[in-house]
């Protein structure tokens, strides 16, 4: 049913199409009422186009069935890409409410298509006759992915099973949004105000000033405010001499969604895990992980767990050795204290300074956000010849957003790129890449990167930590995957790839961030303009594998927890907190380290990474091996860069990922480079 709205369709840019240069969203012309109207119009349009495919009197062909389906939702694509991007980056109560209302409607719409027998019969006919159709590799891949997506969505189930599947999908859609909204609320609601400045001993002046500005903005001038955002929480853990402060903010963070308040996620995640298992069983799989992994590079839970357990054997001993070093440092203070999880960052910072004569405060002045961003752009330019040209007068959804036109080496238009780098209320935690428009044939993409980096303070610009520098390069790697996409069909464009392959472009891009040659390109002191000196570069290089036992172990613990939850065969009486603790005990995880994400705030596995958080480590094997090609041939070797661009970045999901990888690298990836990069070999 089409609901009435306050605007005529011609006034709604989602319905008419974006009448802008390059097809960018006209944010200043969009008002909230247009979203609902566009969702309604988009569903109606999609139904009309799907009916046209079903009722086509001609025999099913690749073009009149598969391509037509790939292009069957222009309005819905436009409104969804903008709406759900803002739901993460600039949400409001109105957006949250509409997202909750639309979730079951869109789940039903998806099921109406995926469980449509006449439509599936046409797809199946094309799939079975493909041998006589002279299809390209890309066309075969799109056909195969389309057919599999229908089968994996229940097209072969009987009517009763499909009915239950519809109910599960609707319920999951609302539960997943509720879970994420609870985390956003937890991040926004937690406020640690400090009234006595003596409690701030150890904190750098820039951080004290930032906390004072945050407190003033919150209506409490003369105090200092700390929050759960990484740019506030992590410096407090790293620098605060006051152990009670460190403990307070650490415990607040690791208990997000587990505080028995209005944002409690325990029941929600329990229900999600239960429904996912039921869905997998309906589809004929023993566990949800079996169902998910059947469509990845890894293929099976056994392959993933063997991989993770193998890495665990390297990581945990290294983490224990690091813990022993930190304990020795702590023992010098002669307080009789034992290292706890909230002490790790604090004593790690002291140990780094002692072992490598390096403190983060010493190097932050060389990592002004704008310079780091331009450095990442310069790397892309030297590799691929592309340019990022700042644009003015483009509508944005928040003043922090900047826009760039991306040009190829020959000056031709590749796409539009938005950056949105600072934390604020209404923005989810973390960093991510997305599209306002996918690449599709000659249609070029509109891509964005979002982060939550250290904000400017007073006259001081945004100065990034090493981790934030790496994250900026990481997200631009995803951005390049979207921007350089060169496929004929939207369904296999850009980042529409196997989930355990999608992190390759992002993680390989991190490798350039701290190469000496690259640092000299962009790392300049924000006050003097001095290029970062060689002695600081040497220190950064020397500590490259420092604390990797901790970092790998916490990541592995989260990945194994994800797999444990999704390989359950019985979820009756599941207590997720007790189960998590038991799982970590069985692993032998030390008390001073928690999983990077615990069950009640593990947003990755509620979103697109269920039974898939291992992908970051799986792809780390790929990216470490892939970067060796540049180590061997030259950091900016044009031939190697072109091989990587043409076989990975441009191809999207148009071919099997291992074939793409081998076409670039010449062989399957080896584990040793990854272990070496993490200091475990």
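The values are calculated or read from the model by the stated rules, or taken from the named source; none is laboratory data. Remember, it's a predicted structure, so these values are computed and weren't measured experimentally. FYI the Cβ positions are ideal-geometry reconstructions off the backbone, even for glycines, and counts take in every protein chain you see.
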- Message: Looking only at helices (runs of 4 or more DSSP H) that lie completely in region 603-658, which have at least 3 residues being in the same structural domain as residue 563 (by TED's automatic domain parsing), free of Cβ contacts under 8 Å to residues at least 12 places away in the same chain and under 18 Å from residue 557 (Cβ atoms)?
- Response: none
- residue 454 is checked against (1) under 22 Å from residue 381 (Cα atoms); (2) buried (at least 24 other Cβ atoms within 10 Å of the Cβ) and fails just one. What number does that condition carry? (1)
- Query: When the residues of region 261-286 are filtered to those that are under 15 Å from residue 165 (Cα atoms) and outside any helix (DSSP H, G or I), which remaining residue is farthest from the chain's Cα centre (by Cα)?
  - Reply: 284
- Message: I'm told residue 494 meets every condition in (1) out of contact with any strand residue (DSSP E or B) (no Cβ under 8 Å at 6 or more places or on another chain); (2) assigned to a loop (DSSP other than H, G, I, E, B) except one. Can you identify the failing condition by its number?
- Response: (1)
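How many residues are in a helix (DSSP H, G or I) and touching a residue at least 12 places away in the same chain (Cβ under 8 Å) if we restrict to region 537-550?
The number of residues fulfilling the criteria is 8.
Residues in region 40-59: is at least one in contact with a strand residue (DSSP E or B) (Cβ under 9 Å, 6 or more places away or on another chain), surrounded by fewer than 20 Cβ atoms within 10 Å (Cβ to Cβ) and not in a helix (DSSP H, G or I)?
no
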- Within the set of pairs 6+ apart or on separate chains, which have a first residue in region 32-57 that is not assigned by TED's automatic domain parsing to the domain that holds residue 16, a second that is surrounded by 20 or more Cβ atoms within 10 Å (Cβ to Cβ), and C-beta atoms under 8 Å apart? none
- Task: Find the strands (runs of 3 or more DSSP E) located wholly in region 387-428 whose residues include 1 or more that are under 21 Å from the mean Cα position of the chain (by Cα), and list them.
- Result: 402-407, 413-420
- Got at least one residue in region 132-149 being without any contact (Cβ under 8 Å) to a residue 40 or more places away in the chain, within 27 Å of the chain's Cα centre (by Cα) and surrounded by fewer than 17 Cβ atoms within 10 Å (Cβ to Cβ)? yes
- State whether the residues of region 225-242 include one that is closer than 20 Å to residue 359 by Cβ, surrounded by fewer than 16 Cβ atoms within 10 Å (Cβ to Cβ) and not assigned by TED's automatic domain parsing to the domain that holds residue 608. yes
- Task: With respect to residue 607, determine if the residue is modelled with pLDDT under 95 and more than 30 Å from residue 330 (Cα to Cα).
- Result: yes
- Query: Which of the following residues is within 17 Å of residue 562 (Cβ to Cβ), modelled with pLDDT of 95 or more and over 22 Å from the mean Cα position of the chain (by Cα): 303, 289?
  - Reply: 303
- Query: Given the structure, is residue 554 over 29 Å from residue 343 (Cβ atoms) and assigned to a helix (DSSP H, G or I)?
  - Reply: no
- Query: Just wondering, is there one or more residues in region 297-308 that are assigned by TED's automatic domain parsing to the domain that holds residue 608, touching a residue at least 40 places away in the same chain (Cβ under 8 Å), outside any loop (DSSP other than H, G, I, E, B) and under 30 Å from residue 351 (Cα atoms)?
  - Reply: yes
